[in-house]
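One structure below.
Nothing in this text is a laboratory measurement; each read-out follows from the coordinates by a stated rule. Predicted model, so just to flag it, every value in this text is computed and none were measured. For neighbour counting, all protein chains shown are included, and Cβ atoms are generated from backbone atoms with ideal geometry for every residue, glycine included.
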Ligand code: FES
């Protein structure tokens, strides 16, 4: 039987199944929609082995030359290695702003209706672009198939170029583009009995809120601790919604860490450590981290804090693979 290699894992293919089915069956979140070769949301690239010519019909010749193909159309007859598409090649769909709602002085909620529905995972980062081509990644708060619209939270205090455009200029019925994205990072049924620790900063709380809702929707059994780090008082939002989830389920524990302007790094670190020390069963927990990661500058406060938390958690967890840093 032929084998499919993806992200350094090899899968035996059942009965000439497609690349898409084989990856989905093995727990990979591959974007897809029509499964009929029309929407191109499942675009992938072969790094060795030949994709079926049928799976390249309708693609730009330059993409075919680079080994791109449609995963839903590519039956596997011989061994093949595949990878995610380059970010600039991923399919974009126009999305209409169906709702724009103020959640706090500094945070708005966007609910988008994409021109074509495609599969995504709550909590993963997706790329939004405006008509001037400015693109940024935001974690998605909605659950695919459960929520009718895709939901994102945007902070006015954010340092992303698109934040201010969305906050100040974008209106309901305007258009954005949403781009498909692959993720290895999402809630999985195998975590259902584990305790979860979700840590998010400012409006990236959207991702933690999405994953929290998805876990509860899938009948998560373990406790879920959500830590929201607020770098400004106005990034405090979603309190009522989270407390409602806790009332319904009784297994959601919520901690806020509000950091006032001018707080020294050492003081922030002590506060974080104190919170982490107070968590029961942390060493066995599955931890997810959402921080604005667009800026690679390690002196940038968010990046410094994210790497500091990562290091602390890795020291405290039984296995550092229990820590999942969410990224696009
Ligand atoms: S899912 Fe639409 S082309 Fe593959």
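By DSSP, the beta bridges lying fully in the chain are antiparallel in about 60 percent of cases. Taking 121, 160, 89 in turn, the Gaussian network model of the chain (Cα-Cα springs below 10 Å) assigns the largest fluctuation to 89.
Taking the C-alpha atoms only, the angle from helix 301-316 to the longest principal axis of the chain is near 90 degrees. For the chain, the square roots of the Cα gyration tensor eigenvalues, ordered a ≥ b ≥ c, give a/c of at least 1.5 with a/b greater than b/c, which places it in the prolate category. What shape does the range 168-262 have by the C-alpha gyration tensor, where a ≥ b ≥ c are the square roots of the eigenvalues, rounded means a/c under 1.5, and otherwise prolate means a/b greater than b/c and oblate the rest? It is oblate, given that a/c is not under 1.5 and a/b is not larger than b/c. When each of the peptides 97-104, 167-174 is scored by how many other beta carbons lie within 10 Å of its residues on average, the order from highest to lowest is 97-104, 167-174. Highest mean packing first, where packing is the average number of other Cβ atoms within 10 Å per residue, the peptides 64-71, 262-269, 78-85 line up as 64-71, 78-85, 262-269. Helix content alone sets the calculated 222 nm mean residue ellipticity of the chain: runs of n ≥ 4 DSSP H residues at -39500 (n - 2.57) each, divided across all residues, give -6500 deg cm²/dmol. One decimal place: the segment residue 14-residue 145 gains 44.5 nm when fully extended, by the rule 0.36 nm per residue minus the C-alpha distance.
Structure remark: mean-square fluctuation, Gaussian network model of the chain, C-alpha springs under 10 Å; the largest value among 38, 220, 228 belongs to 38.
Extending 7 Å from Cα along the Cβ direction at residue 57 and again at residue 105 yields two label points whose distance is 5.9 nm. Look at the alpha carbon pairs under 8 Å that are at least 6 residues apart: their mean separation over the length of the chain gives a relative contact order of 15 percent. Summary of the geometry: the range 80-116 and the range 215-279, compared by the centres of their Cα atoms, lie 25 Å apart. Between the Cα long axis of helix 239-249 and the first principal axis of the chain there is an angle of about 70°, rounded to the nearest 10. Estimated from the Cβ-Cβ distance and a Förster radius of 41 angstrom, the FRET efficiency linking residue 88 and residue 266 is about 0.50. Quick one: helix 265-277 against the long Cα principal axis of the chain, what's the angle to the nearest 10°, folded into 0 to 90? Compared with the principal axis, the helix lies near 80 degrees. Put a dot 7 Å past the Cα of residue 249, heading toward its Cβ, do the same for residue 173, and the two dots end up 3.7 nm apart. Modelled this way, with points 7 Å down the Cα-to-C-beta line, the labels at residue 98 and residue 113 are 0.7 nm from one another. Averaging the sequence gap over all C-alpha pairs within less than 8 Å and six or more residues apart, then dividing by the number of residues, gives the range 173-238 a relative contact order of 39 percent. Most simply put, the range 189-325 has about 0% antiparallel DSSP beta bridges, counting only bridges with both residues inside it.
Which of 233, 139, 53 moves the most in a Gaussian network model of the chain with Cα springs under 10 Å? Sorting by GNM fluctuation, first place goes to 53.
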